[in-house]
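Below you'll find the structure, written out as structure tokens, and then a few comments.
The values are calculated or read from the model by the stated rules, or taken from the named source; none is laboratory data. All figures in this text were calculated on a predicted structure; none of them were measured in a lab. Ideal geometry is used to build each Cβ from the backbone, glycine not excepted, and the neighbour counts take in all protein chains shown. The protein model used for the area step is the full one, side chains on, heavy atoms only, and it has no ligands, DNA or RNA in it. Shrake-Rupley method; radii C 1.70, N 1.55, O 1.52, S 1.80 Å.
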Amino acid sequence: MSQPGIPAFGSTLTSLQAQNGAASASGSPYTNGPIQNALMSSQGYNSQLPGSYPHLIPAKTLNPVSGQSNYGGPQTVSPLSSYQGPGQTLHRPPVASTPVTSSLHSGPVPRMPQHTSHNSAAIPMPSGSFHPGANIPPPLNWQYNYPSAGSQTNDCPNVSSGPTMSGNTNLTSHQYVSSGDPSLQNNFIKSGAPLGPLPTGGPPPVRALTAQKSSHRTVPQPSFNSAINQEGITSSTNNGSLVVHNNYDEIEGGGFLATPQLTNKNPTISRSVGYSYPSLPPGYQNTTPPSTTGMPPSSLSYPSGPQAFSQMPLGANHLTASMSGLSLHPEGLRVINLLQERNMLPSTPLQPPVPNLHEDIQRLNCNPELFRCTLTSIPQTQALLNKAKLPLGLLLHPFKDLVQLPVVTSSTIVRCRSCRTYINPFVSFLDQRRWKCNLCYQVNDVPEEFMYNPLTRAYGEPHRRPEVQNATIEFMAPSEYMLRPPQPPVYLFVFDVSHNAVETGYLTSVCQSLLDNLDLLPGNTRTKIGFITFDSTIHFYSLQEGLSQPQMLIVSDIEDVFIPMPENLLVNLNESKELVQDLLKTLPQMFTKTLETQSALGPALQAAFKLMSPTGGRMSVFQTQLPTLGVGALKPREEPNQRSSAKEIHLMPSTDFYKKLALDCSGQQVAVDLFLLSGQYSDLASLGCISRYSAGSVYYYPSYHHQHNPVQVQKLQKELQRYLTRKIGFEAVMRIRCTKGLSIHTFHGNFFVRSTDLLSLPNVNPDAGYAVQMSVEENLMDTQLVSFQSALLYTSSKGERRIRVHTLCLPVVSTLNEVFLGADVQAISGLLANMAVDRSVTASLSDARDALVNAVIDSLSAYRSSVLSNHQPGLMVPFSLRLFPLFVLALLKQKSFQTGTNARLDERIFAMCQVKNQPLVHLMLTTHPNLYRVDNLSDEGALNINDRTIPQPPILQLSVEKLSRDGAFLMDAGSVLMLWVGKNCGQHFFSQVLGVQSYALIPQTMTDLPELDTPESARTVAFICWLREQRPFFPVLYVIRDESPMKANFLQNMVEDRTESALSYYEFLLHIQQQVNK
């Protein structure tokens, strides 16, 4: 019997009623379950308030039918035919014309063999599987939440539009700029809401379902002949109209949902009027050797002088011929028996698979560090995807620091007039004057200005423009991409100054870091800064220019917080710098004798929100204990005797106060970053919501103490330096578009889902990652290539409006074997980890663990039954998935999902926060660390970076079999580095690297390597420094002896070995084989 769908992460409900708008158990109208309809309501982002900065109404979308507000987190926009969280079934009618049979397990769910340990929750528990979409009849309480036409506030403004202008001859305003300025980067995106009548009953018409997804499909309507009608903004070919926008959706441009549609009320008809597929796929006719993504313009090989337009439209036959010569890497065709060849871990970092594309297309493709898909060969149909039992999704790192970033300044940003896709390397030029969109296949006119190439200064070469030669590009956005004047950079710091906080000594470190980096804060002459401290009362600091010293203002009424002298609390940094410096120097001493033990965090956050609402900005909150006073007060929930159990642990928030406040912050463009420095349980599950839904980040320093834990002090200082000086984008939104036929249904990361597919990011930072789940909504038989595009609209710290666009192109395949050959095992593991976090919170930890195991069993069973012609004994896997069982076992032993350990609850929650917010490369390193032998480093195969020689020792398997007592081994576990030194390691290593004469003299708490004047020391230090430079956080180094207390942590990361509560890799493979070969 299939289970009801499970709402997304952070929801307080687990029933289907919760998803469909029932009141939550606590009586709160807030939930974070799947959105059942894209048109739930007026979006809540339109009304402008009086003042110089019109802002957005607090972020709630009210369901006009049920009164339900929806927001936040990994919001499941539509769970149709999707690769779901464990145990989820889909209450949607099938979209495909042929019904797809459910691929659920029949019979009992496979269980892991029970271990001999005392842990009863060893590996799998009840059902639990991330099932590809099963099509189940709609439940009785299905609701159609279409707003009435009168409540639509997110569609086209009533702006009359003249005929579309075919060109704009003003070429002088065009310039092409290459900028690596890291402080100038961010984006906004928009969608419109389709008009649709309220269904009268029965299953919804299939076409209407697209309104609930971010599938970006367009129904061309003859009456919408300009981007003003459809989008509410001027199109790239019409620069003559001024349009006033009243919400963010209208600014960036909608997906396919933006076009008002004729909705067929007859549920038996699967397509609405006017919907048709083009017969030919988009052509790819870039005939000159394209440049690599992200190269500086000086290195782009653009021919000089005007040239005749040489592109001919490629038909399907030409495209097939051009791709027929491609062959996958021979190794990709290998079938591996993991029981005989289980040592498949490569000795060098695992590289993402290269899509099977023509080299001219692949050369232009997006860097996989920025944008990668779990399947580099997209299945032609949902039925084929279901059969493969692999998740389809994207993993993004959209605001990553880039060494080279092409930046275009132009009065015209060329976009598809139908789906609003930005022109990119994968569009087709039918001739000099027309281009075909690679997402919706709409034919668009080429604006006159776009005919001119600013690099070659030649006319008539639109296909050689930078926008069509770079899969990653940034546009300087014109004024129509702004709702208000770009906000100034605003930084507000909120400090806990209770007795507990003063005891940790953190204020000294934080204030010193701020003093050191004050001039390096991203910004300009408009930068504002402010400070609030709190214990049982709230303290504000007036920093008005002209004061001789900062003035403290105390508000003791925490029940009804107000802002005293609001004009002097957030001040211009340049004008009041001396006062700010004085305050930072005196703050650490001001509370040294305090006896106040209470913490009124909630009221302090409310005060900070009120102070920042007029402008937006970044709030940095430092907290050291469980909040005990006022709104948001929390009680201890951790039960130490249940730490090791997979049952009954408190992963859900205990209050929705922090989530509600985060949504209010998001609506006013405020992001909250939480720094938790605590030795005791602080209920991070509840506190973390303030960052999760406001697009902030969580930093956790357990047992922070300035004297007892100097390693954490060093870590905080290093990470604060990065935090304070890295680039930042303000008032950002992001949208992901995909080729017609594909749809996005679930988002993972820290943000608020503003409309069906628009992610609200009050702040965006270069260290944040995002993931989305997708499905094949309509078959892709008419095309051989699909594209995905993310667009991030933001305000840079310099006050510029910018749009960063990444476009990825992948082939479509029709056989199961090709789907498996193109599987990206790291991306699959990363997406599964995100799904498992949601499953842990909404169901249980044991369900999530079961689902991870079943993900391996299901996909390898599908491969065995449908691809392998002869069923050999053993565990047969495709080469692409050779590491899949290993990575899933590593996830089961990762702090987020492990059982049988004494992990603190806050540490587990923090690990889950990291899974949801880290880019894939860091997530994989945390999950499956790298192990190196470092007592014999050499220059063979070394890297040379900035005149430094960086040794590259081979990566070893995570098993004690690979250790020896006569060596030294470095484990890189992402946030921590552990150097284990064997007792019999050579005297040479002790003296030349560690600076001691014998093993016995190695200090018990050694956390730094001395920089000695020896080649061995230089190599080791250079290698560790290089590893640290690869990530935005600071991994602490521990030197470990046999009797060191850290040895248990080191061995805990030996993923392939057996532990008290988890199987060894070989035992896990035997279990998988047993289930697969049933």
Residue among V805, V837, A827 farthest towards the positive dipole end of segment 734-873, charges placed on Cβ
V805
Protection-proxy order for peptides 848-858, 335-345, each taking the mean of Cβ atoms within 10 Å per residue, highest first
848-858, 335-345
State, to one decimal in nm, how far the label point of Q432 lies from the label point of E369, with both points 7 Å from Cα in the Cβ direction.
4.0 nm
To the nearest 0.05, the calculated FRET efficiency linking T592 and A1000 through their beta-carbon distance, R0 being 56 Å, is 0.85
Rule-of-thumb Rg ratio for segment 528-597 [Cα; 2.2 N^0.38 Å; N residues]
1.13
Before I look further, what does segment 482-539 give for accessible area per residue, probe 1.4 Å, in whole square angstrom?
26 Å²
At a Förster distance of 25 Å, what's the computed FRET efficiency of K1047 paired with L339, Cβ-Cβ distance as r, to 0.05?
0.20
Label-point separation (nm) for N870 and S411, each offset 7 Å from Cα along Cα-to-Cβ?
7.1 nm
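How do D496, D939 stack up against each other in accessible area, from largest to smallest, with a 1.4 angstrom probe? Before the final figure, lay out each step's value.
Details: D496 0, D939 85 Å².
Reading off the accessible areas and sorting them downward yields D939, D496.
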Segment 458-611 - percent of accessible surface contributed by carbon and sulfur, probe 1.4 Å
50 percent
Return the long-range amide H neighbours of V490 (sequence gap of 5 or more, or a different chain), with a cut-off of under 5 Å between placed amide H atoms.
K528, R618
Please give the solvent-accessible surface of S865 in Å², to the nearest 10, using a probe radius of 1.4 Å with every protein chain present.
80 Å²
Quick check for you: with a 1.4 Å probe and neighbouring chains kept, what is the accessible area per residue of segment 678-720, in Å²?
29 Å²
Mind grabbing the accessible area of E961 for me, 1.4 Å probe, Å², rounded to tens?
140 Å²
Once you order the gyration tensor axes a ≥ b ≥ c over the Cα atoms, which shape class does segment 800-839 get: rounded for a/c under 1.5, otherwise prolate or oblate by comparing a/b with b/c?
oblate
Across all directions of projection, what mean area in square nanometres is found for the Cα convex hull of segment 584-630?
4.3 nm²
What does segment 345-488 give for Rg and for Dmax, in Å, if only its C-alpha atoms count?
18.1, 54
Quick check: residue separation of T949 and Q512 times 0.36 nm, minus the Cα distance between them. What number comes out in nm?
154.0 nm
Can you tell which of L716, Y704, V733 lies farthest toward the positive end of the dipole of segment 701-757, using +1 and -1 charges on the Cβ of basic and acidic side chains (Lys, Arg; Asp, Glu)?
V733
Quote the FRET efficiency, to the nearest 0.05, computed for Q1074 versus L350 with a Förster distance R0 of 41 Å and r equal to the Cβ-Cβ distance.
0.90
Residue-count net charge about V335 - beta-carbon cut-off 15 Å; Lys, Arg +1, Asp, Glu -1:
+1
Could you go through segment 728-737 in sequence order and give the Karplus-derived ³J(HN,Hα) for each residue, using 6.51 cos²θ - 1.76 cosθ + 1.60 with θ = phi - 60°, rounded to whole Hz, and x for Gly and Pro?
9, x, 10, 5, 9, 9, 9, 10, 10, 10
Per the 1.4 Å probe, what fraction of the accessible area of segment 700-844, in percent, lies on carbon and sulfur atoms?
43 percent
Can you tally the net charge around Y932? Count Lys and Arg as +1, Asp and Glu as -1, for every other residue whose Cβ sits under 11 Å from the Cβ of Y932.
0
Show me 663-671, 797-805 ranked by packing, highest mean number of other Cβ atoms within 10 Å first.
663-671, 797-805
Full-extension gain between N572 and T1014, please, as 0.36 nm times their residue separation minus the C-alpha to C-alpha distance.
154.1 nm
If you put +1 on each Lys and Arg Cβ and -1 on each Asp and Glu Cβ, how big is the dipole of segment 858-931 around its Cα centre, in Debye rounded to 20?
60 debye
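Of all accessible surface on segment 970-1078 at a 1.4 Å probe, what whole percent is carbon and sulfur?
Summing carbon and sulfur atoms, their accessible area is 52 percent of the total for segment 970-1078.
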For the ranges 423-430, 967-974, what's the packing order if you count other beta-carbon atoms within 10 Å of each residue, average per peptide, and put the highest first?
423-430, 967-974
R1058 to H988: extension gain in nm, 0.36 nm per residue of separation minus the Cα-Cα distance?
21.9 nm
Would you mind getting the accessible area per residue of segment 882-968, heavy atoms of the protein chains only, 1.4 Å probe, in Å²?
36 Å²
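So, counting K/R as plus one and D/E as minus one, what does the shell of residues with Cβ under 11 Å around Q625 add up to? List each step's numbers first, then the result.
Working: positive: none; negative: D496, E503, D535, D683.
Overall, the nearby charge balance is -4.
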